[in-house]
Amino acid sequence: MTVPEKLLFVCVNERAPDAKESCGGHHGSGEFLRALKDGVKRRGLKPRVRVTHTGCLGVCHGGPHAYLAPEGRWFHAWGAEDVDSILDALEA
Ligand code: FES
């Protein structure tokens, strides 16, 4: 078993439309999660890097949000146009 050196946790929490803001649903974190997973595979970063979904990371407003460990780096309000730059960060 290979233990990943980097883990990107992507919040996919989805709340009801009339509830507090969340990363899932219309913020599209599920689509971005798939794009990031595809990118990690395409760039040959597995198994050194792993992208995984998670529940609420506690920052909610203005999402989607993701957290990179062990660097402790946050990605806020990112979108499809940011996928390549996030992949660059995972590759570094
Ligand atoms: S819903 Fe994504 S950080 Fe809370």
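Here are some notes:
- The ranking of Thr2, Thr54 by Cβ neighbour count inside 10 Å, starting from the fewest, reads Thr2, Thr54.
- Straight Cα distances below 19 angstrom link Lys41 to the aspartates and glutamates Glu5, Glu31, Glu81, Asp82, Asp84, Asp88, Glu91, with same-chain residues fewer than 8 positions distant left out.
- For Lys37, the lysines whose Cα falls under 23 Å of its own Cα, not counting residues fewer than eight places away in the same chain, are Lys6, Lys46.
- For the range 33-42, Karplus couplings with θ = phi - 60° (6.51, -1.76, 1.60), whole Hz, Gly/Pro x: 4, 5, 5, 5, 4, 4, x, 4, 5, 4
- Looking at the range 1-65, the trypsin sites (Lys or Arg not before Pro) that sit in a DSSP loop and have at most 15 other Cβ atoms within 10 Å of their own Cβ are Arg15, Lys20, Arg43, Arg48.
- Going by neighbour counts of Cβ atoms within 10 Å, the residues Cys23, Cys11, Cys60 line up, fewest first, as Cys60, Cys11, Cys23.
- For a 4.7 Å threshold on C-beta separation, the list of partnerless cysteines in the chain reads Cys56, Cys60.
- Distance between the 7 Å Cα→Cβ label points at Arg48 and Ala69: 2.1 nm.
- Debye log10 I(q)/I(0) for the chain, one point scatterer per Cα, at q = 0.10 Å⁻¹: -0.24
- The ellipsoid that matches the Cα gyration tensor of the range 42-92 has semi-axes, each √(5λ) in whole angstrom, of 20, 13, 10, with the longest given first.
Every read-out reported here was derived from the displayed coordinates using simple, explicitly stated rules and does not represent laboratory data. Owing to the predicted nature of the structure, the values given are computational and were not obtained by experimental measurement. Neighbour counts are summed over all protein chains in view; Cβ atoms, including those assigned to glycine, are modelled from backbone coordinates with ideal geometry.
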